[in-house]
Structures are given as structure tokens and as C-alpha cells.
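Working notes, beginning with the structure itself.
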Amino acid sequence: MKKIIPLFIAVILLLAGCRLKTYNPEIADFSQGACVESGNFSYTCDISLADNVVTVTATSTNATGMSIVYNGKSALFRYSDMEYEIVSDKIDYTNPARAVYDAFEALRAGMPDNASKTADGFRYDGKTELGSFTLLQYEDYSYKSISFKDADIHIIFTEKGE
């Protein structure tokens, strides 16, 4: 009995030092290449987040050079010397610039309540108007992918221009 009490106290002290580790996304401005996949369609693009504005510029398909700049209030479509602006409530949630913007806004608002550590970085699950999403981030805080399960939209990040 005398040996059990010190062992019991040691276990309690050992467990008292344990606590759950929380992971918070490091959301900084970035610029990375990406492949956007939706159903049977895919294209490459450059995606950047700067000063709370997401820009998606197509680098493949007939839309090469077209940019969508989304700031949460409106989207500016640019192609060659043409520009067209649309207010936010007229922009579909599946628009890649809006989807990425909304996901990062959800992260900023503290949405990923079940963030976790992965083998090569972090995983954040959240929800936007488009539905549930999973963002994977490398340990160097660059992005690996973001998937919107309900909408069948997957964005696989690469280095810019790849």
C-alpha cells in the first residue's frame, strides 16, 4: 500500500503537466501558384492574399491572364485592357477568389476549432457559405491545399508560376 500511494501521486503530477496544444493559423500575405479542380475541370493559376484582398490570375486555358480581385465587397474582373466590377452579393460562392477569401476570413474569425498538427504542418477545418473546408498548411506556413468538400472544389498550391 505504501508503494502505491507514491506511484499514484507521481502519475497525477505527470498528468497535471499535460495540456492540450492549440494550433492557430498563421495568416499572412502570400502568393503561390495553384491548380484549381472542380469536377472534371481544372486549371492553373496564381493566387495571392495581400492587404485582405485575394487575387486569382489564370495561367492556363483560354482565360490565361484573366484576374479576379476580391475584397469581400466586390470582385473586379480584369482581362487585357478590360475591367468589370461586380458587387459581392452577385458573386457566386464557388468563384475561386471568393471561396479563398471567405475561408481565410473564417480562419481570422477563429473558425477552426479543431485545428491539428499533421506530419508536415497543420490542418484547419472550417465552414463558409460554400460549405465545409479543410486547409492544409506546411510548417513553413506556406499552403498545401484547400478543399471545399460540399462544392467539390479543390485547390492544390504550388510555388508561384509552377
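Values for this structure:
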| item | result |
| --- | --- |
| Criterion (in contact (Cβ under 8 Å) with a residue 60 or more places away in the chain and in contact with a helix residue (DSSP H, G or I) (Cβ under 9 Å, 6 or more places away or on another chain)) met by exactly one of 47, 68 | 47 |
| Residue in segment 95-112 that is among the β-branched types (Val, Ile, Thr) and within 23 Å of residue 28 (Cβ to Cβ) present | yes |
| Residues located in segment 119-144, provided they are over 19 Å from residue 28 (Cα atoms), of a type outside the set (A, V, I, L, M, F, W, C) and either open to solvent by 70 Å² or more (accessible area, probe 1.4 Å) or modelled with pLDDT under 90 (or both) | 127, 129 |
| Subset of segment 99-138 (residues that are among the polar types (S, T, N, Q) and not in a loop (DSSP other than H, G, I, E, B)) | 116, 128, 132, 134, 137 |
| Yes/no for residue 115 being touching a Ser or Thr at 6+ places or on another chain (Cβ under 6 Å) and modelled with pLDDT under 95 | no |
| Selection status of residue 2, under 22 Å from residue 140 (Cα atoms), open to solvent by 100 Å² or more (accessible area, probe 1.4 Å), at pLDDT below 90 and of a type outside the set (Ser, Thr, Tyr) | no |
| Scope segment 51-85; condition open to solvent by less than 50 Å² (accessible area, probe 1.4 Å), at pLDDT 95 or above and among the aliphatic types (A, V, I, L, M); matching residues | 53, 54, 56, 58, 68, 69, 75, 76 |
| Test result for residue 93, in contact (Cβ under 8 Å) with a residue 12 or more places away in the chain, part of a loop (DSSP other than H, G, I, E, B), open to solvent by 20 Å² or more (accessible area, probe 1.4 Å) and of a type in the set (Phe, Trp, Tyr) | yes |
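The values are calculated or read from the model by the stated rules, or taken from the named source; none is laboratory data. Quantities reported herein were computed from a predicted structural model and do not represent experimental measurements. Heads up, the Cβs are rebuilt from the backbone with ideal geometry, glycines too, and the neighbour counts pull from every protein chain shown. What goes into the accessible areas is simple: the full protein's heavy atoms, side chains included, and nothing from ligands, DNA or RNA. Shrake-Rupley method; radii C 1.70, N 1.55, O 1.52, S 1.80 Å.
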